[in-house]
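In what follows, a single structure is set out as structure tokens and then discussed.
The values are calculated or read from the model by the stated rules, or taken from the named source; none is laboratory data. Treat the numbers as computed from the prediction; the structure is a model and nothing was measured. Calculation scope for accessible area: heavy atoms of the full protein, side chains included, ligands and nucleic acids excluded. Shrake-Rupley method; radii C 1.70, N 1.55, O 1.52, S 1.80 Å.
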Amino acid sequence: MTKLSNLAQQVLNTLEPDLEKQEKWLEHNELYSCSESAEMLSFREVIEQAKEEGQMIFVAGDYDCDGIMATTIMVDGLRKFGCTVGFYIPDRIKEGYGLNTATIEQAYQKGYTILVTVDNGVKAQDALDLAASYGMTTIVTDHHTIEHEIDCDILIHPNYLEEQFSTLCGAGIAFECVRSLGTDNSYHLLLAAIASVGDVMPVIKQTRRIIQQGIQLLNEKREMHISPFIKDSKVNEVTLSFQVVPKINAVGRLCNMANVNNVVRYLLSEDPVEVSKLHKQIEEINDRRKKISDQMCNYAMNMVHPEDKVILIQSPGFHEGIIGLVAGKICATYDKPVIVGAQNVDGYKLSMRSPKGFHCMDFLGDFEEFSAIGGHEQAAGFSIDLEAFGRFVQYVKTKSANYSWKKQEESSILIDPSMICIEDIESLDALRPFGPAFKLPMFKMEHPKIKTYYDFQNHKHRRYTLDSGLTCMYFNQPLLNVKLSVNKIQAFEGQVQISEYQGRRQPNFMIEKINYE
């Protein structure tokens, strides 16, 4: 087996106690062969026929990173196959998630005869029925939970593909579709890797191989669309998660300021001048997103009643595209379930985030007046009409008073500052990518010997320097922590990282949580 540092071996022992199975996590394998499922074969037949007959194909996407990447992959792959292809991603605020009947109406009027959804479709039966009534061939490619039987011509979903494809995201499914056509390339693979990280998919099976190879591509060669977003000289899944995914997501969030379809055009463009121009616009939108998010978080934090078992806050001034980010930050600060809502003329759009162990959809399940709802265990998004909101507030109060749940404690590894060096941190690369199903444990540093500390950006961030010289960074620290004495700190919990500044590399401990006496 590959020789690992003591730090990397501790991590591997924690994640895979079975010594006989440890070697598989160190392997970098080629992608599995293309799917030969009945659904994929049918997809190939329909697309081949469309090419022969000159039929126009319409790709219906989604506004998050996964949906944007899936749209780009599918459109580019179909065009390279020789098909005439158009696409559309809906406006997050005006149109909401998923395929709708108005989009079908427009696509039909423009002469499209084949519909392909990417990263959505399993909840769009009305739109699919309308497309079918117009004689359009309906192909759904999606990875979201199937709650009801879907009536469409072809359904390509992890549930109906071979086992090795069971963890694919929407872009992963799109990538497998263009692989089946033989028009896939390394760029499609890279986009699927970014989407897999962005959608927080289990890093096993084909998904693990896609992420591994996508990251390898970025480290080997600069890519004109993605590399400009990246500051690190060496890329891993954390780089994608923090430096690429939020920027791709930002345009969909701030859809009142920009058109998310332009991100697909950016990713499809091969004109360096156009790419440079659109890249600058995406960066500017992301800067706005960060500013709005910070302002909303500061405002929302002042509205929190910490004694509430489920925190619920809303404001007509909140931006609908940002409420999920705010809910996530408040949840991380108070370690409680949080619901944040934005009021508009029609009602309320709300987003919920929760700690591990609290099931959002289960908690919300007894309320019967949602106008729309979707989500999973730790996140949910929903809409409520104006007149029903008061009843929802009462529902949350009543349900939270009697709702029992137990927080899932994450595994942690006790670590000494002397173990945090560049060589040991780099040794973790042999185990990457980390993520669901192979998540890097938290590192715990007990009784850190703090030499100095320094707050910057108006107490938003804090830098601790230990006696050993190690730097410990706490970004977006809760305001509660600012007032607590550093002498009461019992432990830091977080991750290790190599920071780079002006060509200089140094080890850092990135604090995610501070335990006080």
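Each residue of the range 382-517 gets 207 Å³ once the volume of the Cα convex hull is shared out per residue.
A 1.4 Å probe run over the chain, with the rest of the protein chains in place, finds 47 Å² accessible per residue. Answer rounded, prolate or oblate for the range 456-499, using the Cα gyration tensor with square roots of eigenvalues a ≥ b ≥ c: rounded when a/c is under 1.5, else prolate when a/b is larger than b/c, else oblate. It comes out oblate by the Cα gyration axes. For the chain, the longest principal axis of the C-alpha atoms and the axis of helix 205-220 are separated by about 80°. In the chain, the DSSP beta bridges split such that about 60 percent are antiparallel, to the nearest 5. Compactness ratio for the chain: Cα radius of gyration over 2.2 N^0.38 Å (N = residue count) comes to 1.00. In this structure, the residue pairs whose Cα-Cα separation is over 21 Å, taken from 24/439; 406/483; 21/439, are 406/483.
In plain terms, the bigger the Kirkwood radius, the slower the diffusion; for the range 55-209, with that radius from Cα pairs, at 10 °C and 1.306 mPa s, Stokes-Einstein puts D at 104 µm²/s. For the range 160-201, the Kirkwood radius over C-alpha pairs fed into Stokes-Einstein at 37 °C and 0.692 mPa s yields D = 315 µm² per second.
Quick one: pull the percentage of alpha-carbon pairs in the range 119-262 with a separation above 24 Å. Every Cα pair in the range 119-262 considered, those over 24 Å come to 40 percent. Equivalent-ellipsoid semi-axes for the range 112-158 (Cα gyration tensor, √(5λ), whole Å, largest first): 17, 11, 8. Stokes-Einstein at 10 °C, 1.306 mPa s, Kirkwood radius from Cα pairs: D for the range 40-113 in µm² s⁻¹? Stokes-Einstein gives a translational diffusion coefficient of 122 µm²/s. Shape annotation for the range 264-421: C-alpha extents along the principal axes are 58, 55, 29 Å, from largest to smallest. Shape summary of the range 215-355, radius of gyration then Dmax from alpha carbon positions: 17.5, 55 Å.
When the listed pairs 94/291; 356/513; 291/329 are checked against a 18 Å cut-off, the alpha-carbon distance exceeds it for 94/291. Computed over protein heavy atoms with a 1.4 Å probe, the carbon and sulfur contribution to the accessible area of the chain reaches 48%.
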